[in-house]
1. All but one of (1) assigned to a loop (DSSP other than H, G, I, E, B); (2) modelled with pLDDT of 95 or more; (3) out of contact with any helix residue (DSSP H, G or I) (no Cβ under 8 Å at 6 or more places or on another chain) hold for Ser326, so report the exception by its number.
2. With the requirement that a residue be in contact with a helix residue (DSSP H, G or I) (Cβ under 9 Å, 6 or more places away or on another chain), in a loop (DSSP other than H, G, I, E, B) and not small (Gly, Ala, Ser), what does segment 350-367 give you?
3. When you check Gly248 against the structure, is it surrounded by fewer than 24 Cβ atoms within 10 Å (Cβ to Cβ) and out of contact with any Ser or Thr (no Cβ under 7 Å at 6 or more places or on another chain), yes or no?
4. Of all residues in segment 275-312, count the ones that are within 16 Å of Ala148 (Cβ to Cβ) and among the aliphatic types (A, V, I, L, M).
5. With the requirement that a residue be part of a loop (DSSP other than H, G, I, E, B), hydrophobic (A, V, I, L, M, F, W, C) and within 16 Å of Gly84 (Cβ to Cβ), what does segment 331-349 give you?
6. Given the options Thr266, Thr271, Thr262, name the one that is more than 24 Å from Pro332 (Cβ to Cβ) and touching a Ser or Thr at 6+ places or on another chain (Cβ under 8 Å).
7. So which residues in segment 167-211 are closer than 23 Å to Asn239 by Cα, of a type in the set (Gly, Ala, Ser), modelled with pLDDT of 95 or more and out of contact with any Ser or Thr (no Cβ under 6 Å at 6 or more places or on another chain)?
8. Being part of a loop (DSSP other than H, G, I, E, B), over 12 Å from Ala333 (Cα atoms) and among the aliphatic types (A, V, I, L, M) is the filter; apply it to segment 228-259 and report the residue that is farthest from the chain's Cα centre (by Cα).
Amino acid sequence: MRRRARWGRAGAVAVGVGLALLAGGTVPAPAGGAATADGDPSSGVRTGPTGATGVRITADATECGRGPEYTWIPAQPYAHTRLGLDDAWDVARGQGVTVAVVDSGVEDGGEHLRDAVVPGTTFVTGDPDADGTGAVNNHGTAIASLIAARQVPGSGLVGVAPRAMVLPVRVFASTDEQDVVAGNGLRMDRIAAGIRYAVDAGARVVNVSLSSPTPDDDLEAAVAYAVSRDVLVVASAGNRDEADASDGPRWPAAYPGVLGVTAVDTADQVTDASVHSEAVDVAAPGQQVVSAWFDDKDCVNAPPPAAPQTSWATGYVSGVAALVASAHPDAPAEEIAYRIQASADRPVRAERDDRRGWGIVQPYAAMVMTLDPSRPGPPVPGAGTDAGTLDPPVERLAVREAEDELAPARATALWWALLGGSAVVFAALLTALFRPHPDPHPHPDPRPRPHP
């Protein structure tokens with residue numbers, strides 16, 4: 001999270017991949033990346049349908065879709081182990097926390113999310129689902145499942161915070177040209193409105209797996225509103241592509257008070273597929289990501305060698321924020337963000353960088369850590385220092401000898417003891433002086449002694 005001057009001017013939006021939306025132009029696919037042609041069957045990887053946000057499935061299932069021929073993925077996802085969720089769930093599971101997903105809506109008909117979604121809203125014109133449920137694009141549903149999917153028999157997918165609730169806020173219908181022309185593609189004003197709605201609806205955490213290479217006044221004001229209401233916004237720090245290849249801040253991740261997220265692959269490495277900048281606060285898995293697929297079964301996103309994607313990483317971090325908020329219900333948003341950053345796994349505890357920020361999130365450590373100003377890493381909120389890498393000043397206490405209340409009596413007794421001892425010595429001297437002494441030269445006895 002940044003504590004720096006704010007930016008602000010109208011601009012274009014991109015989703016995840018960071019492509020700019022030009023007036024009258026087309027809109028890029030969400031952060032999963034655009035789907036490609038079907039993969040080579042010999043590779044064991046098949047792609048999802050066109051426009052399915054880069055969703056792919058591995059060889060143990062067919063391409064992502066709906067219908068009885070599609071199955072659950074029983075294996076435990078890589079991220080489950082990497083994030084140490086079994087240990088984290090001994091502390092909290094997200095109970096009592098609502099996470100808003102400002103995205104394409106959330107399909108709540110599937111088994112993973114059927115009991116995890118509360119009524120939300122839509123900013124899409126002519127949307128038949130006024131509460132933000134249902135979806136044409138699976139991006140929002142996938143994000144929601146990473147945050148709060150419930151366990152389903154036969155599936156290894158469980159959300160990071162499986163007792164949290166999801167608030168769907170639909171701000172775009174899809175990235176299809178028809179929706180873009182109708183005004184229902186990606187728009188900055190609707191993303192900003194979605195953040196404000198989420199705050200007013202009671203969300204404790206707001207997930208925005210979207211990014212723009214250009215700041216925007218409405219978006220900045222919406223983020224500032226969330227910060228003022230003590231709500232944590234978690235946003236993607238951006239993906240790189242040919243149209244937006246440069247490093248640098250992406251918004252809303254770069255605004256003050258927002259937790260910016262990048263992605264790591266299955267080897268814990270941040271790749272050049274992610275944008276590197278000062279807006280990166282933490283990292284999370286973004287490759288080999290198992291998620292829900294609309295109201296049907298499971299799907300794998302970005303399987304190797306596909307590049308890790310920050311949208312999925314952002315969903316995981318929002319789930320971690322829900323765990324921390326659940327474990328510390330009175331903690332302000334700034335403390336929740338601090339815990340996530342300070343406890344993150346990194347090579348050098350005192351250093352962050354523009355690739356991975358403060359490191360890969362560790363949910364358990366974030367919940368159980370103490371707020372110690374001497375801890376290497378980001379500054380503790382309210383500690384009044386620019387860096388949390390210095391030892392706290394040592395307060396030296398003035399030492400004053402305690403007053404002895406018995407001192408006068410002890411002194412009097414000592415004098416009496418001295419006087420008494422002196423008297424005894426004086427008496428002994430007098431006695432020795434006047435005592436009779438034997439004659440050192442005795443006279444011989446004058447009486448005769450008999451001879452033998």
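The values are calculated or read from the model by the stated rules, or taken from the named source; none is laboratory data. Small disclaimer: the values here were computed from a predicted structure and weren't measured. Positions of Cβ are generated from backbone atoms using ideal geometry, with glycine treated the same way; all protein chains shown enter the neighbour counts.
1. So the condition that Ser326 fails would be (1).
2. Arg352, Trp358, Val361, Gln362
3. no
4. Of the residues in segment 275-312, 4 are within 16 Å of Ala148 (Cβ to Cβ) and among the aliphatic types (A, V, I, L, M).
5. Ala344
6. Answer to the check: Thr262.
7. Ala192, Gly194
8. Ala243
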